[in-house]
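Heads up: the structure comes next, in structure tokens.
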Amino acid sequence: MFVLSRAYRHSEDLDFFFPTLKDRKFVFETGERMAKLIGELPGATVEDIRRVKEENAFRLWCRFEDNDETVKVELLNFTCSRLKDAGFIKLPFKTENLYNILLYKLKALCDRPDTIKDLFDLYFIFRDLPPIETDELILDLNEKFESAIGLRYELGHLVRALEYHLKWDIEIADIAHPHDLKEEIENFQKSLHDALASKSLLDFSYKKRIQNNAAKYDLDEKSYLELIDVLDENAFWVNEVLVGL
């Protein structure tokens, strides 16, 4: 994900969002122009195009020479509401901010509770966000999507989605301690489930975790961080904290 400081998993998807709701004709014409431009790139082949009428969305799949992956490019047309932070991340092209990506990922978690990818991304999104009230999060989720796509998401949808045994169907990037990262994600699934089910304040930031762990050992934060590699067995978490200091 571009909003994070580094890539933790490989992705073959590229999503584009319209700044305001567009009619179906505009979306499809824009998608067809994009498909034409991609098809004109050296070594590029557009393999499939789909016009998704019920969502006013456009999807295409393309391949590039010397690459065995198919890339899915999607134009999404349910972006009329941008919550909390109306700004964009400043990159070579406009990139959505963390809070609004959080809402997209929660929607995806409800819509496709058979893959680990959305939970995986949520772990890294939540760690960089300030605390969020559960009720406020559900209100924002529906403010963003209900009028655009006609679907309403209740707290129970998220809780049930987190009760699935999610299929580990992603390719993790070249990082240290991938086994411990997997353990982190699995523990996060239970923690997020329990926090939502009890309507607790959602705070999965590394800062909060450091505070809690330091208190557990009756240490101040500085002393805990000096001993973190001795006190904590999860090497991925330890490495991430130490790299971030």
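No value in this document is a laboratory result; all are computed from the given coordinates. None of these values were measured; they are calculated from a predicted model. Ideal geometry is used to build each Cβ from the backbone, glycine not excepted, and the neighbour counts take in all protein chains shown.
Remark: the chain is approximated by an ellipsoid whose semi-axes, taken from the C-alpha gyration tensor as √(5λ), come to 35, 23, 16 Å, largest first. With an 8 Å cut-off on Cα pairs and a minimum separation of 6 or more residues, tell me the relative contact order of the chain in percent. Reported relative contact order: 18 percent.
A viscosity of 0.890 mPa s and a temperature of 25 °C, combined with the Kirkwood radius over Cα pairs in Stokes-Einstein, give a translational diffusion coefficient for the stretch 174-245 of 186 µm²/s. Taken one residue at a time, the phi angles of the stretch 138-153 give Karplus couplings (6.51, -1.76, 1.60, θ = phi - 60°) of 5, 4, 5, 4, 7, 4, 6, 10, 4, 6, 7, 10, x, 10, 10, 10 Hz. Gly and Pro are set to x. Backbone phi angles across the stretch 176-191, fed through the Karplus curve with coefficients 6.51, -1.76 and 1.60 (θ = phi - 60°), yield HN-Hα couplings of 6, 6, x, 5, 5, 5, 4, 4, 4, 5, 5, 5, 5, 4, 5, 5 Hz in residue order; Gly and Pro are listed as x. 3J(HN,Hα) couplings calculated from phi for the stretch 120-127 with the Karplus curve 6.51 cos²θ - 1.76 cosθ + 1.60 (θ = phi - 60°) are, in sequence order, 4, 5, 4, 4, 7, 5, 4, 5 Hz; Gly and Pro show x. A run of the chain free of exposed loop cleavage sites, with trypsin sites (Lys or Arg not before Pro) counted only in DSSP states other than H, G, I, E and B and at most 13 other beta carbons within 10 Å, reaches its longest extent at 7-89. Between Asn77 and any residue 5 or more places off or on another chain, the built amide H atoms are never under 5 Å apart.
Applying a threshold of 19 Å to the alpha-carbon distances of Lys22/Lys105; Lys72/Lys117; Lys36/Lys107; Lys36/Lys72 flags Lys22/Lys105; Lys36/Lys107 as lying beyond it. For Arg9, the residues whose amide H sits under 5 Å from its own are Ala173, ignoring neighbours fewer than 5 places away on the same chain, with H placed 1.01 Å from N.
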